[in-house]
Amino acid sequence: MTAASFSPRLLAGPPLRAGAESLPEHLSRHGPLPSATLRREMIPVLEASGLLGRGGAGFPVGRKWRSVAERSRGGAVVLVNGAEGEPGSAKDRALMASRPHLVLDGAEVAAEAVGGDEIVVYVGSAHRAAIASLRRAMAEQAAFAPVPVRLVEAPPGYVSGEETAAVHFIDAGDARPTSSPPRPYERGIRGLPTLVQNAESLAHVALIARRGDEWYRAAGRGAARGTALVTVSGPVERAGVGEIELGTTVGEVLTATGARRGEVRGVLLGGFFGAWADIDTAWDLALDPLALRERGLTFGAGVVSILDATDCGVRATARIMAYMAGESVAQCGPCVFGLRSLADASRRIALCAAERDDLARIERWTEMIRGRGACAHPTGAVGLLASALRAFGDEFALHQRERRCSARARAVEVA
Amino acid sequence: MALELRVDRIRCDGAGLCAELLPEVVSLDDWGYPIVRAGSVPERLVDHARRAVEACPVLALRLDAARTMAVVPNRRG
């Protein structure tokens, strides 16, 4: 996937398929990081850059670093989050596999800026190319790293990358979230304030440290600033990971992958914690994290999943709800029982076998469950379902009331 | 001082005593887990709230000073 007419930043240089960039190649393209003094003064630069986190929540990176730095008198830890358990996303593993030194540079700048004394690189155990690439890059950088760096393989699972789950796994081998507060920025790995930062966010930091906040802000359309990695999936010719200027429209991204508007029913934006939008709403939408949030949508982790026009939004949503219920780590009642109930009711509706109250129930349960987990898993899942009710409301109603699926009817006509 | 009732969702196993002792503030969802009304506990109910906290068999309930939400609403960095 290549979006039109701008210069990529993270993905500049050799193509992704060329594999891991070595330290000499990395240095010849980007030059060294600035002096330690400048690295320690990065927080205001990041605040001025407007860089938002790329793990899903889009929180301002500079502000997060400041909240850790304010607490790091007794030490602090930087946790590079490359768990990437989001099924629609592949951008972090692609980045870690091909540009490991950008990620490590960003982590080192973070350690110096927040007063960290260790870096833990937390990478999904299934992402073998990323793990091999990072291990080699860590060995290449070992002599220069300001603090010790270790790699921990994250166990499979949607929830493993949640920040308290990551801390819990690294400290105690248990990748289930813990109750918060305290949040990791207050008390994380080894009890120390811990900066949990997504791998892509840190790669942007590596470039901002060299070139400054104004350089970062020079890219982007409209009010959106900077570039971002996206993962496009669906039945298109050029699906995969690409880099876009933030503010690029969904329609432009889809066109770049070879999708045609008439063949797309809708898109899932952000990931499984994200939101559906029907194609007429989505096509001209700018992929701008702040603008999307204002519309009740999300840029999330840069996921753009295509729902083909021959597929059904209700069925696609039911599949996601089944997955999310299965990924509950079974700690909190509303998540365990609520998501299971929602998945079952969604499935009945999708199969045109709804019980009389199923649609009313899922509307009610969606509100009932929101905000009632130790982590965001149940809240993210019901947010996705609520967006499906908005985007495909007519289709849900058709399934419920008439036990019919318009996509299925069309498919039959075509056949 | 304004006090808020908080549920430790991981500890809570849905015994439901809190909703019996403090129905003005706590109701139960369809699976028997507590839904706590948003905001601080009204002054006149604080003693009842303390009793509910003490009655919870798994110590999942706390009465805390009302605190603003965590400053960093992030999930995966």
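General observations
- Hits in the range A:111-158 - residues which are buried (at least 16 other Cβ atoms within 10 Å of the Cβ), under 17 Å from the mean Cα position of the chain (by Cα) and under 20 Å from residue A:200 (Cβ atoms): A:121, A:122, A:123, A:124, A:127, A:130, A:154, A:158
- Taking (1) among the polar types (S, T, N, Q); (2) within 26 Å of residue A:282 (Cβ to Cβ); (3) in contact with an Asp or Glu (Cβ under 9 Å, 6 or more places away or on another chain) in turn, residue A:298 satisfies each apart from (3).
- Looking only at the range A:256-301, and only at residues there that are in a helix (DSSP H, G or I) and over 25 Å from residue A:92 (Cβ atoms), the one that is farthest from the other protein chains (Cβ to nearest Cβ): A:262
- The set of residues in the range A:76-94 being part of a helix (DSSP H, G or I) and in contact with a helix residue (DSSP H, G or I) (Cβ under 6 Å, 6 or more places away or on another chain) consists of A:92, A:93, A:94.
- Residue, farthest from residue A:273 (Cα to Cα), within the range A:70-94, restricted to residues that are within 13 Å of another protein chain (Cβ to nearest Cβ) and of a type in the set (A, V, I, L, M): A:77
- Of all residues in the range A:256-282, those being in contact with a Ser or Thr (Cβ under 7 Å, 6 or more places away or on another chain) and farther than 24 Å from residue A:50 by Cβ number 4.
- Tally of residues being without any contact (Cβ under 8 Å) to a residue 12 or more places away in the chain and within 13 Å of chain A (Cβ to nearest Cβ) across the range B:11-38: 5
- Consider the range A:186-196 and keep the residues that are touching a Leu at 6+ places or on another chain (Cβ under 7 Å) and within 11 Å of chain B (Cβ to nearest Cβ). The one that is surrounded by the most Cβ atoms within 10 Å (Cβ to Cβ) is A:195.
- Enumeration of residues in the range A:197-216 that are within 21 Å of the chain's Cα centre (by Cα) and either in a helix (DSSP H, G or I) or more than 14 Å from every other protein chain (Cβ to nearest Cβ) (or both): A:199, A:200, A:201, A:202, A:203, A:204, A:205, A:206, A:207, A:208, A:216
- Residue match in the range A:304-326 (condition: among the hydroxyl-bearing types (Ser, Thr, Tyr), under 22 Å from the mean Cα position of the chain (by Cα) and in a helix (DSSP H, G or I)): yes
- For the range A:326-355, a residue qualifies if it is more than 13 Å from chain B (Cβ to nearest Cβ) and buried (at least 21 other Cβ atoms within 10 Å of the Cβ), and the qualifying residues are A:343, A:346, A:349, A:350, A:354.
- All positions within the range B:30-55 that are within 12 Å of the chain's Cα centre (by Cα), of a type in the set (D, E, K, R) and under 22 Å from residue A:334 (Cα atoms): B:37
- Taken together, the criteria place residue B:27 among residues that are hydroxyl-bearing (Ser, Thr, Tyr), under 12 Å from the mean Cα position of the chain (by Cα) and modelled with pLDDT of 95 or more.
- Within the range A:242-266, residues that are without any contact (Cβ under 8 Å) to a residue 60 or more places away in the chain have Cβ atoms under 7 Å from residues that are part of a strand (DSSP E or B) and among the polar types (S, T, N, Q) in these pairs: A:246/A:227, counting only partners at least 6 apart in sequence or on another chain.
- Restricted to the range A:356-403, and to residues there that are in a loop (DSSP other than H, G, I, E, B) and more than 14 Å from chain B (Cβ to nearest Cβ), the residue that is surrounded by the fewest Cβ atoms within 10 Å (Cβ to Cβ) is A:356.
- Single residue of the range A:72-110 satisfying the filter (surrounded by fewer than 24 Cβ atoms within 10 Å (Cβ to Cβ) and of a type in the set (Ser, Thr, Tyr)) that is nearest to residue A:147 (Cα to Cα): A:72
- The number of residues in the range A:161-182 being in contact with a strand residue (DSSP E or B) (Cβ under 9 Å, 6 or more places away or on another chain) and assigned to a loop (DSSP other than H, G, I, E, B) comes to 1.
- When each of B:58, B:41 is tested for being more than 9 Å from chain A (Cβ to nearest Cβ), among the β-branched types (Val, Ile, Thr), in a loop (DSSP other than H, G, I, E, B) and free of Cβ contacts under 8 Å to residues at least 40 places away in the same chain, the lone residue that passes is B:41.
The values are calculated or read from the model by the stated rules, or taken from the named source; none is laboratory data. Since the structure is predicted, the reported quantities are computational estimates derived from the model, not experimental observations. All Cβ positions, even for glycine, are placed from backbone atoms using ideal geometry, and neighbour counts span all protein chains on display.
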